[in-house]
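The numbers here are math on the coordinates, done by the rules we state, and not lab data. Source: prediction; values computed, not measured. Note: ideal-geometry Cβ built from the backbone for every residue, glycine included; neighbour counts use all protein chains shown.
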Amino acid sequence: MTRSELLRKIIKEARRLDIKITKSERTNHTLFTIGKTMLWMPRHEKMKYGTERKILQDLEQEFGKGWYR
């Protein structure tokens, strides 16, 4: 999954659940605050599967278990 596809999925779910998202640009990563969860996302477009999976699992506390399936 590319960075833009992952972001679209996260933003869509946050809007559905009415959860606020803030974004802060850093040097090599972007910091997203989604509800109470802080998430560092790399800037490169293609992410490794492990990175993508970790991001999706970290957001389970905001969106609910298995939200990305």
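Collect the residues in segment 8-21 that are in contact (Cβ under 8 Å) with a residue 24 or more places away in the chain and either more than 15 Å from Gly64 (Cα to Cα) or assigned to a helix (DSSP H, G or I) (or both), keeping them in residue-number order. It would help to see each step written out before you state the result.
Going residue by residue through segment 8-21, those that are in contact (Cβ under 8 Å) with a residue 24 or more places away in the chain are 9-10, 13-14, 17, 19.
Correct list: Lys9, Ile10, Glu13, Ala14, Leu17.
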Tell me which residues, restricted to segment 1-21, are within 11 Å of the chain's Cα centre (by Cα), exposed (fewer than 12 other Cβ atoms within 10 Å of the Cβ) and more than 15 Å from Glu52 (Cβ to Cβ).
Lys12
Of residues in segment 22-48 being farther than 18 Å from Trp67 by Cβ and of a type in the set (Ser, Thr, Tyr), the one surrounded by the most Cβ atoms within 10 Å (Cβ to Cβ):
Thr30
Among (1) exposed (fewer than 13 other Cβ atoms within 10 Å of the Cβ); (2) outside any helix (DSSP H, G or I); (3) on the phi < 0 side of the Ramachandran plot, Trp67 falls short only on (1)
